[in-house]
1. Looking only at residues that are in contact with a strand residue (DSSP E or B) (Cβ under 9 Å, 6 or more places away or on another chain) and either in a loop (DSSP other than H, G, I, E, B) or closer than 17 Å to residue 5 by Cβ (or both) in the range 102-128, which one is modelled with the lowest pLDDT?
2. May I ask you to list the residues in the range 1-17 that are closer than 16 Å to residue 76 by Cα and surrounded by 13 or more Cβ atoms within 10 Å (Cβ to Cβ)?
3. Any chance the range 59-79 includes a residue that's touching a helix residue (DSSP H, G or I) at 6+ places or on another chain (Cβ under 7 Å), at pLDDT 85 or above, farther than 21 Å from residue 26 by Cβ and buried (at least 17 other Cβ atoms within 10 Å of the Cβ)?
């Protein structure tokens, strides 16, 4: 398994949620929320956070559509991942937070509903969900 912390970014239009794992890359927790400035400034802020927290990998949440196709927000995530790669030598991965399973679909619907209804900022919670799904998938692959 990776040793070292993994950080996830949920790149929203107004804010970016940031989550981080424990040093064994097993458990995700919310870290902070960054206000959107511009893609390059956001990327620099994320890279700084990664460096301060000894991160070994950055995961960018990319919400694809039901069929795994691109959406405006998934294209934004891909452009943001490119901006990160331009500013750091750390590996940057795009992660579709939900696979194609039925549970994933219901989780996506539930999360979409929560996003519309939510009061305050839960962007860091969304980033935590993305990171935990990434860590769980990677751990499962390595344990089989």
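1. Checked the range 102-128; the qualifying residue modelled with the lowest pLDDT is 121.
2. Those that are closer than 16 Å to residue 76 by Cα and surrounded by 13 or more Cβ atoms within 10 Å (Cβ to Cβ): 8, 9, 10, 11, 12, 15, 16, 17.
3. Yes, because at least one residue in the range 59-79 is touching a helix residue (DSSP H, G or I) at 6+ places or on another chain (Cβ under 7 Å), at pLDDT 85 or above, farther than 21 Å from residue 26 by Cβ and buried (at least 17 other Cβ atoms within 10 Å of the Cβ).
The values are calculated or read from the model by the stated rules, or taken from the named source; none is laboratory data. Since we're looking at a predicted model, the values are computed, not measured. No Cβ is skipped: glycine too gets one built from the backbone with ideal geometry, and neighbour counts run over all protein chains shown.
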